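These notes concern the structure reproduced below.
The values are calculated or read from the model by the stated rules, or taken from the named source; none is laboratory data. Just so you know, these numbers come straight off a predicted model, no measurement behind them. Here the Cβ positions follow ideal geometry from the backbone for every residue, glycine too, while neighbour counts run over all protein chains shown. Keep in mind that these areas ignore ligands, DNA and RNA; they rest on the heavy atoms of the full protein, side chains included. Shrake-Rupley method; radii C 1.70, N 1.55, O 1.52, S 1.80 Å.
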Amino acid sequence: MYVFSNINAEDDAASLWALQCFLKHECEVRLGAVANDKKIYQPVFDGDRPNIVNTPNLDGAFASLSNAARKYWPTTLYELAHETVHLLDPIEGYTNYLEEGFAVHFSVEMSKAFTNHAQQPNCPFYLEAWDLVNKLSDDVYDAGTKIKAHFGKLSLATPEGLTALFPNIQLAEAERLCSECNFT
C-alpha cells in the first residue's frame, strides 16, 4: 500500500508531488521514460474531469484532477496514474484509443496495488480502449514498449504498423486503437 498523507491532497502540495513522482517512476518502468523535451509539473485540482494541460510553450504538462480527488487519496492516485501515462509524451488535443487504453490499464493496476479502494472506469470509451489494448498481447506493458520503440510514441501508431507488430489483432481493431478518443 502507498502511505498517504493524513492531510487532503488539495492541502498537501508536497505529498501530491511525491505521489506524482512515485507514479512517474512506476509508469516509466513499465512504458519507458518521459520524452526528453518534456517536463512534468505539479498537479492541480480543477474541475469534474481529469485531464492534462500543456504549458503555453509546450515544454511539458501537468495533470488537472477532478474535485473528487481533492479530499480522497485513492481517487487522487487513480486519476493521477491515468494522467501520468499521458504525461510521458503529452500532445495537444485528444489522443488515441491506444494511449487511453494504456492509461486505463496503468491506473487500474496502480489503484489495485497501492490503495485499499481499488477503482476502475465505468466510461464505455475507456472500457473499449482498455479491452482493445489487452488484445495486443498477454503482456500489455511489453506491447507498449514495442509500440513506443517502433513509433516513438503511442500517439503516432498506425493501424498497419500495429498489425505488423501484433498479427493477432484484426485491422479493424488496430484502426480503432489509432483513432481519436474524443468522447466529450
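When residue 38 is tested against (1) within 29 Å of residue 122 (Cβ to Cβ); (2) touching a helix residue (DSSP H, G or I) at 6+ places or on another chain (Cβ under 8 Å), just one condition goes unmet, and that condition is (1).
Here 138, 142 are screened, and the one residue that is part of a helix (DSSP H, G or I) and either free of Cβ contacts under 8 Å to residues at least 24 places away in the same chain or farther than 23 Å from residue 27 by Cβ (or both) is 142. Contact map, region 171-184: residues that are closer than 13 Å to residue 130 by Cα paired with residues that are open to solvent by 70 Å² or more (accessible area, probe 1.4 Å) and not in a helix (DSSP H, G or I), Cβ distance under 8 Å, separation 6+ or inter-chain. Pairs shown: 173/135; 181/94. Scan region 48-103 for residues that are outside any loop (DSSP other than H, G, I, E, B), surrounded by fewer than 19 Cβ atoms within 10 Å (Cβ to Cβ) and touching a helix residue (DSSP H, G or I) at 6+ places or on another chain (Cβ under 6 Å) and the total you get is 1.
Filtering 12, 48, 37 for residues that are over 27 Å from residue 133 (Cα atoms) and over 16 Å from the mean Cα position of the chain (by Cα) leaves a single hit, 12. The set of residues from region 163-172 being open to solvent by 50 Å² or more (accessible area, probe 1.4 Å) and either among the polar types (S, T, N, Q) or within 21 Å of the chain's Cα centre (by Cα) (or both) comprises 168, 170. One residue stands out in region 152-162 among those that are open to solvent by 40 Å² or more (accessible area, probe 1.4 Å) and part of a helix (DSSP H, G or I): the one that is farthest from residue 181 (Cα to Cα), namely 160.
Here residue 21 clears all of (1) in contact (Cβ under 8 Å) with a residue 40 or more places away in the chain; (2) under 17 Å from the mean Cα position of the chain (by Cα) except the condition numbered (1). Within region 112-132, residues that are under 17 Å from residue 85 (Cβ atoms) and in contact (Cβ under 8 Å) with a residue 60 or more places away in the chain sit with their Cβ atoms under 8 Å from residues that are aliphatic (A, V, I, L, M) and not in a helix (DSSP H, G or I), at 6+ positions apart or across chains, in these pairs: 114/1.
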